[in-house]
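Down below is the structure, laid out as structure tokens.
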Amino acid sequence: MASITMKDLVKAYGDTEVLHHIEGDINDGEFIVIVGPSGCGKSTLLRMVAGLETVTSGEISIGDKVVNKLEPADRDIAMVFQNYALYPHMSVRENMAYGLKIRKIAKAEIDRRVREAADILEIGQYLDRKPRQLSGGQRQRVAMGRAIVRNPQVFLFDEPLSNLDAKLRVQMRLEIRKLQQRLGVTSIYVTHDQVEAMTLGDRLMVLNGGYVEQFGTPIELYDRPATLFVAGFIGSPSMNFLPAEAKDGTLTLGNGATVSGGGHSTGAVTLGIRPEHLMHDENGPIGISVQMFEQLGANTLLHGVLEGTDTEIVASMPGHVSTGEGSVMRFSAEASVLHVFDAASGKRIEE
Amino acid sequence: MLKRVHFPTSLLPYLLVAPQVIITLVFFVWPASQAVYQSFLIEDAFGISTEFVWFENFAYLASDEQYLGSFGRTIFFSVCVAVLSMSAALVLAGFADRIVRGATTYRTLLIWPYAVAPVLAGALWVFMFNPTLGIFPYILEFVGIDWNHYLNGSHAMMLVIFAAAWKQIAYNFLFYLAAMQSIPRSLIEAAAIDGAGPVRRFWDHIFPLVSPTTFFLLVINAVYAFFDTFGIIHAVTQGGPANATTILVYKVYNDGFVGLDLGGSAAQSVILMILVIAMTVVQFRYVERKVEY
Ligand SMILES: Nc1ncnc2c1ncn2[C@@H]1O[C@H](COP(=O)(O)OP(=O)(O)OP(=O)(O)O)[C@@H](O)[C@H]1O
Ligand SMILES: [Mg+2]
């Protein structure tokens, strides 16, 4: 078990810098999820921790050892790849035992550990099969088994569930979480799926274009997103953004409606309201010209535009709502759930 | 299912394949059948009369010490050429697969020998190993080896093996490199994380995963060593000294065109033909099927 520290980490390919000055402290036993859109540098960051990519500048330590120059084999980590990367010419048993065999661990001990891991992951009956004789989900388990038999200090996961179907993904997600809690091994998990990120991580690192946008617990990110990007990325359906003018604690929306908020700032801002925080209220300040309803069963998503403008807006209403297309419905929202961002920098404006 | 499109029958398709068919008939089928016919004939010493003798030529070969000796030599030669050129190519491809900078230059240089004509390749090696002028005999003298492939049969054999293997490295290299590059990178990375060093990764993963290519190349190299090395032998040793490097193809030529035993030579070439057909069948049967893993 170990903590991981990233200090001023930079990665450049030639002249293009793809990761910019990443800072982050990961505590012993923590489950960290790195999340962000495609191409933002998640895999690169993970692979730097693994030792599969060189560090351009900065420092990575695992435990209290700087590992910048260490080979992957010497970092005491295990990694689960998106395509599983099982050895196709070896049986499941050999796949799992391989790392132990290289470390010259006694045969009996290897057998014991492989058995134990296979029991945890319920792949005991496949031990003598070749990877190609397994389903995607079973291969996924074998890949996990290969990681846990080694008993490493750190687990690294690079989108391990993205090749599975939706239902299996949810099931495996829970299993990974349980397994990690049981073993208590420090883990870094890369995904572009924000639901996966929210449910798995003790803390999330949101990456965008090679910058860390925010690093915090899922609830912090949901309640107090630090930037417009995080606000839009975390939460589903995603947050509504309404351009507004702030002056003396009042926000004036595009159609002249006003809501209180914005603190001491003046000038152009973006008001963020989550769809689930818009309350149906006959006297509310926010009018939505309803275009269509999306029935989800437990609740209904109302799609429309802010009255008198063409700013799209979504509200989530409890139960079944299906009448009112073409009309204007009014909503309000509590001051505590409004998010105000600087329109130019996208940074959150604190009250 | 799409409906098959029917074109009105015309002469065009036949015209288009005609050149290929004619070439095959003129340069393969006709000479091959001539060889088969010839192999059943014995000519008298003056070339005046010929006699149809059925399998007598073959029966004679089966008991001919020289022929059987040549057979054994050919197998030794082929195994050495295949093993030498394939292992050299495997190592080179292993390195080429790892390097990033200058990879293209490195690859291009390695492929050049393939473009050299066999006779020229032979000539090159003859020069390098010329007992009086060559650079290698000069160097070998320092370690006490008196190199002379004109007199020493083993030296001659080694020299033709080197020359033939060297020429085939480029071909094997290309196939090995392609096979290695189709192994997913993450697999090798997983092995690295599991603690395997470069050498271990090579033997535990890369080598088993390129085994279908190894099998394919084994057949190709055997065919090459059996049939395609005439030029090299002719340029380097002419089958000498004392037949030490007379492999089967060379013996066909030697007995037929030098010794003028046309019937016996034809019988030998028929046997070679059967061998090449057998190897081709093996290749088609098994190469397509991936080796089990
Ligand atoms: N070898 C390379 N040379 C140059 N640029 C690279 C190289 N590898 C990655 N990049 C760039 O680095 C950036 C980050 O890549 P990375 O693979 O880390 O993205 P990612 O966040 O994992 O995306 P995804 O979710 O699609 O896997 C990308 O813009 C990519 O183009
Ligand atoms: Mg990635």
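Values for this structure:
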| read-out | value |
| --- | --- |
| Amide hydrogen neighbours beyond the local backbone of A:ASN240, cut-off 5 Å, H modeled | A:ILE273, A:ARG274 |
| Peptide B:192-204, shielding by other chains (average Cβ, 10 Å cutoff) | 6 |
| ³J(HN,Hα) computed for each position of region A:105-110 - Karplus, 6.51 cos²θ - 1.76 cosθ + 1.60, integer Hz, glycine/proline x | 7, 4, 3, 4, 5, 4 |
| Rounded to whole Hz, the Karplus (6.51, -1.76, 1.60) HN-Hα couplings of region A:290-305, x for glycine and proline | 6, 9, 7, 10, 10, 7, 10, x, 5, 9, 10, 9, 9, 9, x, 10 |
| Other-chain or far-sequence residues with amide H under 5 Å of A:THR311's (modelled H) | A:LEU306 |
| Ordering of A:6-18, B:15-27, B:209-221, A:213-225 by burial proxy (mean other Cβ atoms within 10 Å per residue, highest first) | B:209-221, A:213-225, A:6-18, B:15-27 |
| Dipole of chain A [Lys/Arg +1, Asp/Glu -1 at C-beta], most positive-end residue of A:ALA166, A:ALA344, A:VAL67 | A:VAL67 |
| Average accessible surface area per residue within region A:199-298, 1.4 Å rolling probe, Å² | 43 Å² |
| Sequence-distant residues sharing a close amide H with A:VAL80 (under 5 Å, placed H) | A:LEU156, A:PHE157, A:ASP158 |
| Length-normalised contact order for chain A - Cα pairs under 8 Å, 6+ apart - percent | 16 percent |
| Kirkwood Rh, Cα atoms: Rg over Rh of the protein assembly as shown | 1.18 |
| Most mobile listed residue (A:SER236, A:SER336, A:SER57) in chain A, GNM with C-alpha springs under 10 Å | A:SER336 |
| For chain B, built as a Gaussian network whose Cα springs stay under 10 Å, the top-fluctuating residue of B:PHE173, B:PHE52, B:PHE129 | B:PHE52 |
| Taking N as its residue count, the alpha carbon Rg of chain A over 2.2 N^0.38 Å | 1.18 |
| In Å², nearest 10: area of A:THR309 left accessible to a 1.4 Å probe | 40 Å² |
| Inter-label distance for A:ASP8 and B:PHE28, nm, one decimal - labels placed 7 Å from Cα along Cα-to-Cβ | 7.0 nm |
| Mean separation of Cα contacts under 8 Å, 6 or more apart, over the residue count of chain B: relative contact order % | 27 percent |
| Rh (Kirkwood; distinct C-alpha pairs) - region A:166-287, Å | 16.8 Å |
| Summed buried accessible area for B+A [probe radius 1.4 Å, Å², rounded to 100] | 1800 Å² |
| Of all accessible heavy-atom area on the protein assembly as shown, the percent that carbon and sulfur account for (1.4 Å) | 60 percent |
| Per residue solvent-accessible surface (Å²) - region B:219-293, probe of 1.4 Å | 48 Å² |
| Charge dipole of the protein assembly as shown about the Cα centre (unit charges at C-beta), most positive-ward option of A:GLN214, B:SER39, A:SER43 | B:SER39 |
| Karplus-derived HN-Hα couplings along region B:217-231 (A = 6.51, B = -1.76, C = 1.60, θ = phi - 60°), whole Hz, x at Gly and Pro | 5, 4, 5, 4, 5, 5, 4, 4, 5, 6, 10, 9, 9, 4, x |
| Reach of B:LYS251 by Cα under 20 Å, taken over aspartates and glutamates that are not fewer than 8 positions away in the same chain | B:GLU43, B:GLU56, B:ASP64, B:GLU65, B:ASP228, B:ASP261 |
| Cα-based shape type of chain B, given that a ≥ b ≥ c are square roots of the gyration tensor eigenvalues and the cut on a/c is 1.5 | oblate |
| Rounded to the nearest 10 Å², the accessible area of A:ARG112 at probe 1.4 Å | 120 Å² |
| Unsatisfied cross-links (Cα-Cα over 31 Å) in the set A:LYS7/A:LYS247; A:LYS11/A:LYS178; A:LYS11/A:LYS65; A:LYS65/A:LYS130; A:LYS69/A:LYS347; A:LYS101/A:LYS178 | A:LYS7/A:LYS247; A:LYS11/A:LYS178; A:LYS65/A:LYS130; A:LYS69/A:LYS347 |
| Förster-model FRET efficiency, 25 Å R0, A:THR266 and A:SER332, C-beta, rounded to 0.05 | 0.60 |
| Straight-distance crosslink candidates among aspartates and glutamates, where the alpha carbon sits under 17 Å from A:LYS167 and sequence neighbours closer than 8 are dropped | A:GLU159, A:GLU175, A:ASP193, A:GLU196 |
| Crossing angle, helix A:92-102 versus chain A [Cα axis fit, 0-90 degrees, rounded to tens] | 70 degrees |
| Cα lying deepest toward the dipole's positive end in region B:55-290, options B:ALA88, B:TRP147, B:ASN243, charges on Cβ | B:ALA88 |
| Cβ-placed point charges (K, R +1; D, E -1), dipole of the protein assembly as shown about Cα centre in debye, nearest 20 | 1320 debye |
| Peptide A:81-91, shielding by other chains (average Cβ, 10 Å cutoff) | 5 |
| Value at 222 nm in deg cm²/dmol, rounded to 500, when DSSP H runs of n ≥ 4 in chain A each add -39,500 (n - 2.57) | -7500 deg cm²/dmol |
| Surrounding net charge for B:SER265, when Lys and Arg each add one and Asp and Glu each subtract one, Cβ distance under 9 Å | -1 |
| Net charge dipole size for chain B [Lys, Arg +1 and Asp, Glu -1 on Cβ; Debye, nearest 20] | 1480 debye |
| 10 Å Cβ neighbours from other chains, averaged over peptide B:177-188 | 2 |
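The values are calculated or read from the model by the stated rules, or taken from the named source; none is laboratory data. Being a predicted model, the structure only gives us computed values, none of them experimental. Glycine also receives a Cβ, built like all others from the backbone with ideal geometry; neighbour counts cover every protein chain displayed. In case anyone asks, the SASA skips ligands and DNA or RNA and just uses the protein heavy atoms, side chains included. Shrake-Rupley method; radii C 1.70, N 1.55, O 1.52, S 1.80 Å.
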